[in-house]
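Data first, discussion second: the structure below is written as structure tokens.
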Amino acid sequence: MKGFSDKIYDALRSVKLAAALIVLIGILAAAGGIIPQGRTVQFYAQRFPGTGEKLILALGLDRIFTGLPFLALASLFTVNLTICSFHRFASEMRKPRANRRHGPDLLHIGLLIFILGGILSSRTRTEAFIYLGKGQAARLPDGALLTLVDLREERYPDGRPKSWESSVVIDDKAATSLTGVVTPAESGGDTLGESGYTGEDPRIAAGGKAPQVPTSPSSGGAATATTATTVFAGLAPKAGSASVRSIKVNSPLRYKGSTIYQQDWNSELRVVLEDAMGIKLRLEPGTLAPMLGGSVRFMTVEKHEPSQAGAEECSNYKAVFLVSTAAGKEILRAGKGDKVGTFTFSSFEEAPVSALKIVRDKGYPLVAAGLGLIVLGTFLTYIRKLKGMFA
Amino acid sequence: MIATLSFALLLISMIIQAVYLFRKDEAKDPLSPWLALGAGLLLLAEIIRRSVAIRFVALTSMFESLLFMACLVSFIVFALRYSKRLRAGRAITFGATALPIIFLALASSPLAPAEMRPPVPALQSGWLVLHVSFTFIGEAFFAAGFVGAFLQLAAKTEEKRRNYDRLAYTSIAIGYPIFTAGALVFGAVWAEKAWGVWWSWDPKETWALITWLTYTAYLHFRLVRKNTSKVMPILVIAGFIIAMFTFFGVNFLLSGLHSYA
């Protein structure tokens, strides 16, 4: 006569339970595959007006894969898989060596490692996006300085992109490379640019300080967009301190626990200012130029997305500056030829920028190992069928 | 042109098989499997020609995917006839021959433009080639399983049901590890390399997972139910319908990262 705990154990390790859970997870996944996930309330109201919208939101069908029913089923499946794997492996080990079949064991253990990796990844993964022009730099989470030394774009004759490649230098002794930095306090105490006028891409001009890339945890597999504060120009690392490395789409750069991906490619407008000596200074949105008695920060192009308009088209647009002097701060909208502090606004200029995604994920090795074992396990399980096809 | 020629060969093969289907003896025609093989080889030659032209493995558009799928199923039609293990009957090869004809008909539709375009950066990956080719090889076996399961449901004698069940199971058991490696594992590795994320619940990914879960459920049901149960062929049929929805339906009905394939 079996005791209660034995019955529970048998139920939890049963193939019937596994099959039922697989079907139920499949049904929920199908609902998640049909109903767009993670959209706004307005989206569902528009797409599924009336009862549909109410039902979706009330039942949490807009976030199925992070919802309680899906996670509960996945958890129960994990328990079933763990007990089943242990039980099966023990049974196989009792058989004579020649009769053992470990394919399903490897497959199940691979799935468990994959699930563990996924959980670890969801808890520890951080993502950050940085947008760098040639010569600009950003600090990586470990403190090293990443400088974009070159960016190349190739296109097919029909205009579609052929390749995007960023050449970067990572200098882990970067603190010694940054000599003569001007901190925000030294540049007139202007810290507005740290968060940015538009909140999009705050930067500091030549000689500025390079703050850390802000990272944020990603949730539910969704990418978390975070912009980084960067340094503009003139930050070539000291000779011998670092080598040039390439980042391409499908060929990310792995560096000390971080992986850097070539995520996108774009161009942005920058302004050209001219000082009294006729020397030209180029500023990206958010960057700052020191001047006698204060500083000038280029904030944005008024009313238009800088990245969507060409330099020629923008020639009549206004550039918005924050001019900081001892007398105070002033927001200034300037057109071509206007005075901006001690500078003259000369022109707009288009410059390519490389969008890099920086990921730190402690679950990576487990996920990779789990996937490897899943492949090995499934092939070992059904290899007899594969071998016997033409037998 | 080559695709049209392949289509014609498959059509002739099917007509010959249809004639033999109505014969009362068990004789099999000697020509139709060779016509299917010829069609498959022609399609393979076309894929190679396109690959040379775009300097990358030509598996990056809907048209090329359909050609590849038709090519694989044509080879399986040939294998079905000559594999002693599968021992497929005339009805099976007849049904299986219909599938590449349907794929080629779809390839000729405006839904699948035939123009040759070299791939954009995200598609220039060896992992993509493994992902797509393994997925389609797996699905080609699922196609054979689908025909077997369909005939299993329609069979009137227990012996025929068992034969069709054996063929369906063998096809799924061969296709399953290949599909698992291609659709899920190599796809995840490619996504990690290209976008920095293994899995993003993109509609195509979700539906590929549902396809995998359906066949996984089938393989588990086989362990606990008699092989004469109707649940099994129904799962195999459902699995293939879901696989085809993942292949075509998701592209046109649901937007996501895989909108090019």
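Computed values, structure above
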{"item": "Order by protection proxy (mean Cβ within 10 Å, highest first), peptides B:19-25, B:130-136", "result": "B:130-136, B:19-25"}
{"item": "Charge dipole (the range B:109-231, unit charges on Cβ, about Cα centre) - positive-most of B:Pro110, B:Ala143, B:Leu223", "result": "B:Leu223"}
{"item": "Listed residues B:Ala39, B:Thr4, B:Ser61: farthest to the positive end of the dipole of the range B:1-113 (Cβ charges)", "result": "B:Ala39"}
{"item": "Per-pair calculated FRET efficiency, R0 = 35 Å: A:Leu292 and A:Asp150 via Cβ, rounded to 0.05", "result": "0.55"}
{"item": "Length released on extending from A:Val41 to A:Arg63, taking residue separation times 0.36 nm less the Cα-Cα span", "result": "6.7 nm"}
{"item": "Under the Karplus curve 6.51 cos²θ - 1.76 cosθ + 1.60, θ = phi - 60°, whole-Hz ³J(HN,Hα) for the range A:328-343, x wherever Gly or Pro sits", "result": "x, 10, 9, 8, 10, 9, 10, x, 4, x, 6, 7, 10, x, 8, 9"}
{"item": "Acute angle (nearest 10 degrees) that the helix B:32-54 long axis makes with the longest principal axis of chain B, alpha-carbon atoms", "result": "0 degrees"}
{"item": "Rounded to 10°, Cα long-axis angle of helix B:231-244 versus longest principal axis of chain B", "result": "40 degrees"}
{"item": "Within the range A:66-92: backbone nitrogen closer than 18 Å to the A:Tyr9 label point (7 Å, Cα to C-beta)", "result": "A:79-92"}
{"item": "Long-range amide H partners of B:Ala58 with built H, under 5 Å", "result": "B:Ser51"}
{"item": "Set of aspartates and glutamates near A:Lys54 by C-alpha distance (under 15 Å), chain-local residues within fewer than 8 positions excluded", "result": "A:Asp62"}
{"item": "Average beta-carbon neighbours from other chains, 10 Å sphere, peptide B:117-128", "result": "4"}
{"item": "Unit charges at the beta carbon, dipole of the range A:1-132: most positive-side option, A:Ala30, A:Gly110, A:Ala72", "result": "A:Gly110"}
{"item": "Neighbouring partner chain Cβ atoms per residue of B:171-181, average, 10 Å criterion", "result": "6"}
{"item": "Per-residue HN-Hα couplings for the range A:272-284 [Karplus 6.51, -1.76, 1.60; θ = phi - 60°; Hz; x = Gly/Pro]", "result": "10, 9, 10, 8, 4, 8, x, 7, 9, 10, 9, 10, 7"}
{"item": "Gyration tensor verdict on chain B (Cα atoms; rounded if a/c is under 1.5, prolate if a/b is larger than b/c, oblate otherwise)", "result": "oblate"}
{"item": "In Hz, Karplus ³J(HN,Hα) per residue of the range B:182-188 (6.51, -1.76, 1.60; θ = phi - 60°; x = Gly, Pro)", "result": "x, 5, 9, 6, 5, x, 5"}
{"item": "Angle in degrees between helix B:158-179 and the longest Cα principal axis of chain B, rounded to the nearest 10", "result": "20 degrees"}
{"item": "Sequence-distant aspartates and glutamates (8 or more away, or on other chains) whose Cα lies within less than 17 Å of B:Lys204", "result": "B:Glu139, B:Glu192"}
{"item": "Entries in A:Lys280/A:Lys329; A:Lys134/B:Lys193; A:Lys248/A:Lys362; A:Lys256/A:Lys280; A:Lys162/A:Lys318; A:Lys280/A:Lys318 that, when Cα-Cα distance is taken, lie over 29 Å", "result": "A:Lys256/A:Lys280; A:Lys162/A:Lys318"}
{"item": "Computed [θ] at 222 nm, helices only, for chain B once each DSSP H run of length n ≥ 4 contributes -39500 (n - 2.57)", "result": "-23500 deg cm²/dmol"}
{"item": "Net +/- balance of residues flanking B:Pro119 in space, Cβ distance below 10 Å, scoring K and R +1, D and E -1", "result": "+4"}
{"item": "Test item: A:120-126 mean partner chain Cβ contacts at 10 Å", "result": "1"}
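All of the numbers you see were taken from the coordinates with simple rules; none came from a lab. Keep in mind the model is a prediction, meaning the values are calculated, not measured. We place every Cβ from the backbone using ideal geometry, glycine too, and count neighbours over all the protein chains shown.
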